[in-house]
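Single-structure report; data block below.
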Amino acid sequence: MTENNTTTGRYAGKKVVIVGGSSGFGLATARELIAGGARVLITGRTRATLDAARAELGERAVAVRGDASVTVDVEALADRVKAEFGTVDALYVSAGINGFAPFEATSEELFDKLLTINARGPYFTVQKLVPLLAEGAGIVLTTSVANVLGIPALSAYAASKAALRSMTRSLARELLPRGVRVNAVTPGPIDSGILEKDLPKEAAEQTKAGMAAENPMGRMGTPEEVAKAALFLAFDATYTTGAELPVDGGGSQI
């Protein structure tokens, strides 16, 4: 990507933190923001992926390695954000993992991992970063259509995302006095590359083909489509809080 020194644009002067910004939805959102003139701090757990994202995004991006489910990493992140930005205009928590297992075969280890990374991590990340949010800032959490659909082999994952949906409402109410809005973007079947991380290539392709065939729009979505929804909630939806915006081709709605 060509180095972007944009100082004008839709997001000029904005400072945004994207937790889980080195790939998928988070990286797509970072691209949109930087193209619009923002400065962005992204986090990721894998050094190589994070470094590649930083190289692509250019000098308006700051990359911080850390695990949002580890308290010391979140505290270090808050210190770095304060040092880099002072105050923040938007926080997008996109970090999360998938996990497939039939209910009878779901282990305690998998259950704990999913709830820790997908629910505990976002909760305490928001808690530590809230003091740095400017009045009028938007927080966006990433849930999933699994929070309202009964999808086989995803019961623990769905529970973690349903927890995030509930947090969206609770945090929205509690942060109103600070002038901070909290909303959730709710992806359905998105071709983000996450399936390839969890499944063999052939199985991932078969799964994606099945998802597309079952979707009302007949296709999977793109990370860029999720990014546009997240940015709408973060900046444009100024009279909206506690809500979720499905980006699912109508799969959870019609």
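The values are calculated or read from the model by the stated rules, or taken from the named source; none is laboratory data. The model shown is predicted, which means the values in this text are computed figures rather than measured ones. For neighbour counting, all protein chains shown are included, and Cβ atoms are generated from backbone atoms with ideal geometry for every residue, glycine included. In case anyone asks, the SASA skips ligands and DNA or RNA and just uses the protein heavy atoms, side chains included. Shrake-Rupley method; radii C 1.70, N 1.55, O 1.52, S 1.80 Å.
Below, the figures for the structure above:
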item	result
Accessible surface, the chain, averaged per residue in Å² (probe 1.4 Å)	47 Å²
Sequence-distant residues sharing a close amide H with LEU41 (under 5 Å, placed H)	VAL16, VAL17, ILE18, VAL62
The chain: equivalent-ellipsoid semi-axes (sqrt of 5 x gyration tensor eigenvalues, Cα, Å)	28, 20, 19
Candidates per chymotrypsin sites (Phe, Trp or Tyr not before Pro) in the stretch 114-196, loop by DSSP, up to 10 other Cβ within 10 Å	none
The chain: relative contact order in percent, alpha carbon pairs under 8 Å with at least 6 residues between	18 percent
Cα-centred dipole magnitude for the chain, charges only on beta-carbon of K, R (+1) and D, E (-1), debye, nearest 20	660 debye
Charge dipole magnitude, Cβ of K and R +1, D and E -1 - the stretch 3-99, Cα centre, debye nearest 20	140 debye
Efficiency of FRET between TYR239 and PHE103 - r from beta-carbon atoms, R0 35 angstrom, step 0.05	0.30
Rg to Rh quotient for the stretch 203-242, alpha carbon positions, Kirkwood Rh	1.19
Principal axis box of the stretch 114-206, alpha-carbon based, largest edge first, Å	49, 22, 20
Label-reachable residues, the stretch 229-254, where backbone N falls under 16 Å from a point 7 Å from ARG165's Cα toward its Cβ	242-254
With at most 15 neighbouring Cβ atoms within 10 Å, loop trypsin sites (Lys or Arg not before Pro) (DSSP) excluded, longest segment of the chain	11-218
CD proxy at 222 nm, helix term only [per DSSP H run n ≥ 4: -39500 (n - 2.57); per residue of the chain; nearest 500]	-12500 deg cm²/dmol
Length-normalised contact order for the stretch 28-105 - Cα pairs under 8 Å, 6+ apart - percent	23 percent
Virtual spin-label span in nm between ALA134 and ILE151, 7 Å along Cα→Cβ	3.5 nm
Percent breakdown of C-alpha pair distances by 10 Å bin, ordered from the shortest bin, for the stretch 141-191	27, 46, 21, 6, 0
Spread of Cα-to-Cα distances over 5 Å intervals beginning at zero, given as percent, for the stretch 44-114	3, 13, 17, 22, 17, 10, 8, 6, 3, 1
Full-stretch length increase - ARG219, ILE194 - with 0.36 nm per residue and alpha-carbon distance subtracted	7.3 nm
Protein accessible area in the chain, 1.4 Å probe - carbon and sulfur %	53 percent
Cβ-Cβ FRET estimate between ARG173 and ALA203, R0 fixed at 30 Å, reported to 0.05	0.10
Among LEU91, THR125, GLY36 the positive-end extreme of the charge dipole of the stretch 21-129 (Cβ point charges)	GLY36
